[in-house]
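Notes for the one structure printed next.
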Amino acid sequence: MTLLYEGKAKSVYETDDKNVLSIEYKDEVTAGNGEKHDFIPGKGHLNNIISAALFERLHAFGIPSHFIAKTGEASQLVKRVDIIPLEVVVRNTAAGNIVKRLGVTEGEVFETPLVEFYLKEDSLNDPIVTEDHIKLLGHGTDSNVAELKEKALAVNEVLTGIMNKMNLTLVDFKIEFGRDVEGNILLADEISPDTCRLWDKDTNENFDKDVYRNDTGSLIDTYNKFYNKLEGI
Ligand code: 5GP
């Protein structure tokens, strides 16, 4: 298979079908735009099975994505899309970047979910962008931005329901979208504890990558516990 793209956590390959790609989740983890970097055997497998399970559940709730099928320990087939270079972040509770940026109190629950856009550009440290910036950079029209917002909020509603059943608070998450061959905007990339902030409702324990970012626990044990909870609901 021809390697199309290699990122920090995944490699993307072409397949015999020009409209289908294969994603290989890597046993690598980074934080702080690559400042922290480790090889963790088993991580790729966990991210693959968790992301597949979450995309399947979203499908069941009428939310389509690029996901087609899991094909191996750490690989899955997806529809080919051109990734829109924006990170769409939805926040239900204050944590992370918004606490540093706006001085809101960590743990404050927002009256309505916030949607933010960041430019996916490591060399610029993924800056936050406004709708006007998105238009200026040619990444989407007003109506595209409205569609991204609407889709992100729909994902938030379904994911929040899933996490509630697991006794977890969906604090925030990052998703990415792509355009398929017909130009439709489709949910893409991955959804996993790498891309979400999840707090145990009773203990506030982290069920996400913050255990790695903040050195507070074992990433593999945390992701395994998350997967077992997900399979249990
Ligand atoms: P924050 O902006 O507070 O750092 O992150 C908000 C949410 O988006 C968190 O759940 C975080 O995991 C996710 N997120 C933001 N940027 C990235 C990124 O570049 N990679 C990953 N994996 N997740 C991100």
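In the stretch 1-152, Cα pairs under 8 Å separated by at least six residues give a relative contact order of 14 percent.
Filter the cross-link list 174/229; 100/229; 100/165; 36/120; 120/165; 120/225 down to pairs whose alpha-carbon distance in this structure exceeds 28 Å.
Numbers: 174/229 21 Å; 100/229 31 Å; 100/165 30 Å; 36/120 18 Å; 120/165 32 Å; 120/225 30 Å.
From the list (174/229; 100/229; 100/165; 36/120; 120/165; 120/225), the Cα-Cα distance tops 28 Å for 100/229; 100/165; 120/165; 120/225.
When the chymotrypsin sites (Phe, Trp or Tyr not before Pro) in the stretch 13-50 are filtered for DSSP coil states and for at most 12 other beta-carbon atoms within 10 Å of their beta-carbon, no site remains.
In a reduced charge model with +1 at each Lys and Arg Cβ and -1 at each Asp and Glu Cβ, the stretch 95-191 shows a dipole moment near 160 debye about its Cα centre. Assuming R0 = 30 Å, can you tell me the calculated FRET efficiency for the pair residue 13 and residue 59, based on Cβ-Cβ distance, to the nearest 0.05? E between residue 13 and residue 59, to the nearest 0.05, is 0.85.
Taking the Cα centre of the stretch 69-151 as origin and assigning +1 to Lys and Arg Cβ atoms and -1 to Asp and Glu Cβ atoms, the resulting dipole is close to 260 debye. Relative to the 2.2 N^0.38 Å rule of thumb, the chain has a C-alpha radius of gyration ratio of 0.97.
Here the relative contact order of the stretch 87-163, from alpha carbon pairs under 8 Å that lie six or more residues apart, stands at 26 percent.
With both labels modelled 7 Å from their Cα along Cα-to-Cβ, the residue 69 to residue 132 distance reads 4.9 nm.
Each Lys or Arg adds one and each Asp or Glu takes one away; over the other residues whose Cβ falls under 9 Å from the Cβ of residue 83, this sums to -1. Over the chain, dividing the summed -39,500 (n - 2.57) contributions of all DSSP H runs of at least 4 residues by the number of residues returns a 222 nm mean residue ellipticity of -9500 deg cm²/dmol.
Are there DSSP H segments in the chain that both extend 20 Å or more along their axis (alpha-carbon positions) and score a mean Kyte-Doolittle hydropathy of at least -0.5? List them, or say none.
Result, helices passing both filters: 43-60, 142-165.
Rounded to the nearest 20 debye, the dipole magnitude of the stretch 151-210 is 160 debye, with +1 charges on Lys and Arg beta carbons, -1 on Asp and Glu beta carbons, and the Cα centre as origin. For the set 141, 216, solvent exposure ranked by accessible area (probe 1.4 Å, protein chains only) runs largest to smallest as 216, 141.
Cα gyration tensor of the stretch 102-233, axes a ≥ b ≥ c as square roots of the eigenvalues: rounded (a/c below 1.5), prolate (a/b > b/c) or oblate? Note, shape of the stretch 102-233 comes out prolate.
The values are calculated or read from the model by the stated rules, or taken from the named source; none is laboratory data. Here the structure is a predicted model, which means the values were calculated and not measured. Virtual Cβ from ideal backbone geometry, glycine too; neighbours counted across all protein chains shown. SASA here: full protein model, heavy atoms, side chains in, ligands and nucleic acids out. Shrake-Rupley method; radii C 1.70, N 1.55, O 1.52, S 1.80 Å.
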